[in-house]
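Report on the structure given below.
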Amino acid sequence: MIEITKSEAKKIRDKYPQVSISRTMKQNSNRGKRYCSESDKYLELIVDTNERAAEILRQHKKYNMRFYQN
């Protein structure tokens, strides 16, 4: 799970309405955090605004390139 902002959550939900985004502090205090699964299709949408997402994608691509080489 990766922490995301409110605007990033909206961007992901616009493209994938059925995505599971968990939120802590269900009250209307705006102190809660939002978390999304580390799936590549979600991370690619927020890679420009989330440094952790960019790092995870680099690791996934590095592993996949090594895995598919002959």
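Read-outs throughout are calculated quantities, based only on the coordinates presented, and are distinct from any laboratory measurement. Since this is a predicted model, take the numbers as computed values, not measurements. A quick note on method: Cβ atoms are made from the backbone with ideal geometry, for glycine too, and the neighbour counts reach across all protein chains shown.
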Taking the Cβ of Val47 as the centre, find all other residues whose Cβ is under 14 Å away and add up their charges (Lys, Arg: +1; Asp, Glu: -1). -1
Summing +1 per Lys or Arg and -1 per Asp or Glu among the other residues with Cβ less than 11 Å from Lys33's Cβ gives +3
Quick check: residue separation of Ser7 and Ser37 times 0.36 nm, minus the Cα distance between them. What number comes out in nm? 9.2 nm
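Let me check against my output: what whole-number percent is the relative contact order of the chain, with C-alpha pairs under 8 Å and at least 6 apart?
Over the chain, the number comes to 31 percent.
Kirkwood Rh over Cα pairs of the stretch 2-68 into Stokes-Einstein at 4 °C, 1.567 mPa s: D in µm²/s?
Working: Rh = 12.7 Å.
Estimated via Stokes-Einstein, D reaches 102 µm²/s.
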Extension gain, Arg23 back to Arg58 (0.36 nm per residue minus Cα-Cα distance, nm): 10.0 nm
In whole Hz, with x marking every Gly and Pro, tabulate ³J(HN,Hα) for the stretch 37-50 from phi via Karplus 6.51 cos²θ - 1.76 cosθ + 1.60, θ = phi - 60°. 5, 8, 7, 4, 5, 7, 5, 5, 6, 10, 4, 6, 10, 10
